[in-house]
Amino acid sequence: MTSATVASKTAAAGSGKPEKIRKDRNINWWLTAAVAVLSLTVLVPLYFTVVTALKTPGEAGTFSLPTSWEWHNFADAWTKVNYPKAALNSAIITVCAVVLTLLTNTFVAYAVARNMDKRFFRFLYYFFLAMMFVPFTVIMLPIAKEMGTLHLDNQLGLIILYTILGIGTNLFIAIGFIRSIPVSLEEAARIDGASTWRIFWTIIFPLMGPINATIAILTALWAWNDFLLPLITLTDQSNQTIPLAQYVFQSQFTSNYPMAFASYLMAMAPVLIVYIFAQKWVVGGVMRGAVK
């Protein structure tokens with residue numbers, strides 16, 4: 001290394017300007033083309049949904065653009081579905097399910113992760129994982145009967161079901177991350193007199209930010225878009241969610257596809273808006289979870 005090179009690096013360090021490092025990035029065009037083709041599986045149905053929502057019932061079913069843009073389909077769907085009431089019900093159930101899931105499932109995952117050497121907790125771990133492989137159709141009727149017997153055929157019962165039925169997936173996601181957190185952090189806190197509850201809420205839970213974001217997103221999407229569980233649980237029509245309210249467009253003999261697709265787009269809008277404004281924190285959380 002020459003003295004001129006050393007002097008230039010010293011001057012750059014002294015000026016506080018980071019040295020620019022050139023990186024040659026090779027683009028994998030085959031992979032890029034594959035991703036572009038696979039993206040059509042999402043873009044084509046989305047295009048079909050948008051153009052159908054703006055057509056007349058007689059034009060529905062084709063990929064061509066509408067001959068006349070029927071914007072009133074959205075207003076008609078808003079009125080027929082009673083969108084404000086249905087959206088409020090869906091929002092209440094979704095928010096409560098996400099909060100209750102984060103408060104309970106993460107603590108269960110912490111208890112299991114820190115006691116995997118004990119037979120009882122290993123049994124719980126594999127028992128909860130086994131829930132992921134049980135088809136919902138097998139337990140659908142017993143759940144409906146049980147909720148009716150316990151008088152939980154309402155929004156509260158639905159929130160409890162989302163919290164319980166999602167515990168298998170949430171434990172599978174969270175336990176591996178918790179076991180990567182050094183136990184020395186907890187031991188230092190115990191020396192200072194911290195209890196298990198305080199260790200979890202002040203140390204473990206904040207460190208689980210990326211995993212909590214993942215669990216919250218999965219639970220929110222499930223609760224907001226779910227149709228079958230509210231169908232068998234809710235008995236009061238005033239508590240129906242958006243997917244249940246959209247069922248009015250289907251009948252035995254006719255289906256108003258343009259109005260139905262307009263309501264589908266309106267149901268998708270809140271989740272899409274939340275993602276647009278929260279994508280910075282979502283992506284940042286995933287990146288922090290991937291780097292130790």
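At-a-glance table
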{"quantity": "Of all accessible heavy-atom area on the stretch 73-290, the percent that carbon and sulfur account for (1.4 Å)", "calculated": "69"}
{"quantity": "Sequence of Met268, Met140 from largest to smallest accessible area, 1.4 Å probe", "calculated": "Met268, Met140"}
{"quantity": "Cβ-based charge dipole, the stretch 73-290, positive-most Cα from Thr163, Ser238, Ile173", "calculated": "Ile173"}
{"quantity": "Separation in nanometres of the label points that stand 7 Å from Cα toward Cβ, at Val271 and Arg198", "calculated": "4.1"}
{"quantity": "Global geometry of the stretch 19-98, whether rounded, prolate or oblate, following the gyration tensor of its Cα atoms and the 1.5 cut on a/c", "calculated": "oblate"}
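The values are calculated or read from the model by the stated rules, or taken from the named source; none is laboratory data. Just so it is clear, the structure is predicted and the values come from calculations on it, not from any experiment. Here the Cβ is made from the backbone with ideal geometry for all residues, glycine too, and neighbour counts use every protein chain on show. Ligands, DNA and RNA are stripped out before the accessible areas are found, and what is left, the full protein with its side chains, is counted by its heavy atoms. Shrake-Rupley method; radii C 1.70, N 1.55, O 1.52, S 1.80 Å.
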